[in-house]
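Read the figures in this text as sums done on the coordinates, not as results from a lab. Quick caveat: nothing in here was measured; it's all calculated off a predicted structure.
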C-alpha cells in the first residue's frame, strides 16, 4: 500500500454533486410520471435497452434510482468534509 493521501479535486466533488443530483431528479421524475416510458413494445436496434427502461420505469424504480442519487450526493459531501479536516 502506498503512503500517499487520496485527495479529490473540485471536479470530483462537482461531478459527484451534479451527477447525484441528476440521478435523484431522474428518480423523482420516475415517481411523478410513472407512465413516462410508454406502453409500446420497442423494435429496432436498441430494443433491449428500450424494453429494459420500460420495465424499470415507475414508482419502485424511481424510489431505487432516487435513493442511489441521494447516496452519491451524501458520500460526496462526506468526502468533502473529510478532505476539509485534513
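Round to the nearest 10 and give me the degree value, 0 to 90, for the angle of helix 59-85's Cα axis relative to the longest principal axis of the chain. Taking Cα atoms only, the helix is inclined about 10 degrees. Where does helix 10-32 land angle-wise versus the long Cα axis of the chain, in degrees 0 to 90, nearest 10? Taking Cα atoms only, the helix is inclined about 30 degrees. Note that region 20-85, at 37 °C in a medium of 0.692 mPa s, gets a Stokes-Einstein diffusion coefficient of 250 µm²/s from its Kirkwood radius over C-alpha pairs. Were the residues from residue 80 through residue 48 laid out at 0.36 nm apart, the gain over their Cα-Cα distance would be 7.7 nm. Short-range pairs are left out: with C-alpha atoms under 8 Å and at least six residues apart, the relative contact order of region 20-85 is 50 percent. Gain on full extension, evaluated as 0.36 nm per residue between residue 14 and residue 33 minus their Cα-Cα distance, stands at 4.1 nm. Taking the chain as the reference, fit the longest principal axis to its C-alpha atoms, fit the long axis of helix 47-56 to the helix C-alpha atoms, and give the angle between the two in degrees, 0 to 90, nearest 10. That works out to roughly 80 degrees.
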